[in-house]
Amino acid sequence: MSALREHEAALGALARRLCGNQADADDLLQETYERALRAWDRYADRGNLRSWLATIMNNRFIDRCRRARRIPMAESLDERELAAPEPIAPPVWANVTAEQVADALGRIGDEFRAVYELHAAGRSYEEIADALGIPKNTVGTRLIRARRKLKDVLAQRVKPNP
């Protein structure tokens, strides 16, 4: 139903806050939709649909928590029975030096570098906008582009560890 899908983003965010991870949040959202569809005839456009769906979601989450407390914990495994995890190679960015960052900042363009450096110094968007004489929204756009350009420049210069 399209009426339910209108509120999917807000309900998805609520589910992630409640569950703490995406997989459980997706399950909770699905359970909420199922419960809402079963009870749709009782809703009858009595009020705020998002609020009604959020209440269903909250109640489903509480039910899950209660059920989880009743399920006995799985027995613990001896560490000797577990396989050793595969070693993870350090990310390429672990090899970036301060000199490489400074060089890359010099290559992304003055308008992007200025916004990036002010933001890195802890200045707010409003302060950056005032200092540079540009709109606040432009600060956000330039910061996104500066990060992207910086990443591209650094990716060309930084080599992964063998």
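Laid out as a table, the results:
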| item | result |
| --- | --- |
| Computed E for T97/R148 - FRET, C-beta separation, R0 25 angstrom, nearest 0.05 | 0.75 |
| Binned Cα-Cα distances of region 93-157, short to long, each 5 Å bin given as a whole percent | 3, 20, 29, 21, 14, 8, 3, 0 |
| Nearest-0.05 FRET efficiency for D110 and A89, computed from C-beta distance (R0 41 Å) | 0.70 |
| Inter-site label distance for D63 and Q30 at 7 Å from Cα along Cβ, in nm | 1.5 |
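Read-outs: derived from the displayed coordinates by stated rules, not from any lab. Worth saying up front: this structure is predicted, and the values here are computed from it rather than measured. Because the Cβ atoms are built from the backbone with ideal geometry, glycine has one as well, and the counts that use them run over all protein chains shown.
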